Ligand code: HEM
């Protein structure tokens, strides 16, 4: 493993280029989201800047960088935070395509690129919370009124029930 002068092993965050790399990745990703007819309407704020900052902070923290995300937002609980959005396979594939394009733009060394891509794919597949086509089912058109569906809620996939119904949103 690469080590720096005082023999402390570098984190992946440092190895891959630190803050600048994550900012470039997420900026490029959101340029794709801004023009995406399915994803763009899902983002509640008119300005994508705050969403961009949250994703950057999260990825930096995940890969061993500053823990600013949790200091500002608390525990990530990403599946729960995405329960309000209609994340079907189409949304997932679009999300991943913008990430793929962003990664290609960065031209990272192959091992770094593979490591990030492998993680992003697994995370995106884990975020899917409905198989209903866009516009039908929970969270159509962005945030859903039923943010925490009860066990009898219709159109709630089985896999999301334990995550969303077991505890109130702020305590898991
Ligand atoms: C699979 C498709 C995905 C879709 C359609 C999607 C969509 C969204 C939307 C609409 C938001 C709200 C914007 C905001 O308030 O920040 C959001 C937030 C967020 N997403 Fe995703 N997302 C997806 C996958 C992922 C993945 C794979 C990750 C992590 C690797 C991720 C990380 C985040 C983070 C960190 C936030 C901000 C959470 C917060 O602190 O409130 N998302 N996402």
Handout entry: Single residue of 38, 33 found to be touching a residue at least 40 places away in the same chain (Cβ under 8 Å) and assigned to a loop (DSSP other than H, G, I, E, B)
Key = 38
Problem - Residue check for residue 144: farther than 19 Å from residue 13 by Cα, more than 9 Å from the ligand (Cβ to nearest atom) and either modelled with pLDDT of 95 or more or assigned to a loop (DSSP other than H, G, I, E, B) (or both) - result: yes
Handout entry: Output for the stretch 58-72, where each listed residue is away from the ligand (no atom under 11 Å from the Cβ) and within 16 Å of residue 24 (Cα to Cα)
Key = 65
Completion exercise
Counting only residues that are in contact with a helix residue (DSSP H, G or I) (Cβ under 6 Å, 6 or more places away or on another chain) and near the ligand (Cβ under 10 Å from one of its atoms), the stretch 81-100 contains a total of 8
Exercise for the section: Might you check whether a residue that is more than 9 Å from the ligand (Cβ to nearest atom), under 30 Å from residue 131 (Cα atoms) and out of contact with any strand residue (DSSP E or B) (no Cβ under 7 Å at 6 or more places or on another chain) occurs anywhere in the stretch 5-26? Expected result: yes
Practice task
Specify which of the listed residues (103, 120, 55) is closer than 22 Å to residue 14 by Cα, outside any loop (DSSP other than H, G, I, E, B) and more than 8 Å from the ligand (Cβ to nearest atom).
Solution key: 103
Practice task
Using the structure shown, decide if residue 117 is in contact (Cβ under 8 Å) with a residue 12 or more places away in the chain, crowded, with 19+ Cβ neighbours inside 10 Å and in contact with a helix residue (DSSP H, G or I) (Cβ under 9 Å, 6 or more places away or on another chain).
Solution key: no
Problem - Out of 6, 47, 27, sole residue that is surrounded by fewer than 18 Cβ atoms within 10 Å (Cβ to Cβ) and under 17 Å from the mean Cα position of the chain (by Cα) - result: 27
Practice task
Taking residue 92 as the residue in question, decide whether it is more than 30 Å from residue 10 (Cβ to Cβ) and either at pLDDT below 95 or surrounded by fewer than 19 Cβ atoms within 10 Å (Cβ to Cβ) (or both).
Solution key: yes
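The values are calculated or read from the model by the stated rules, or taken from the named source; none is laboratory data. Just so it is clear, the model here is predicted, and its values are computed rather than measured. When we count neighbours, we look across all protein chains shown, and the Cβ atoms used for this are built from the backbone with ideal geometry, even at glycine.
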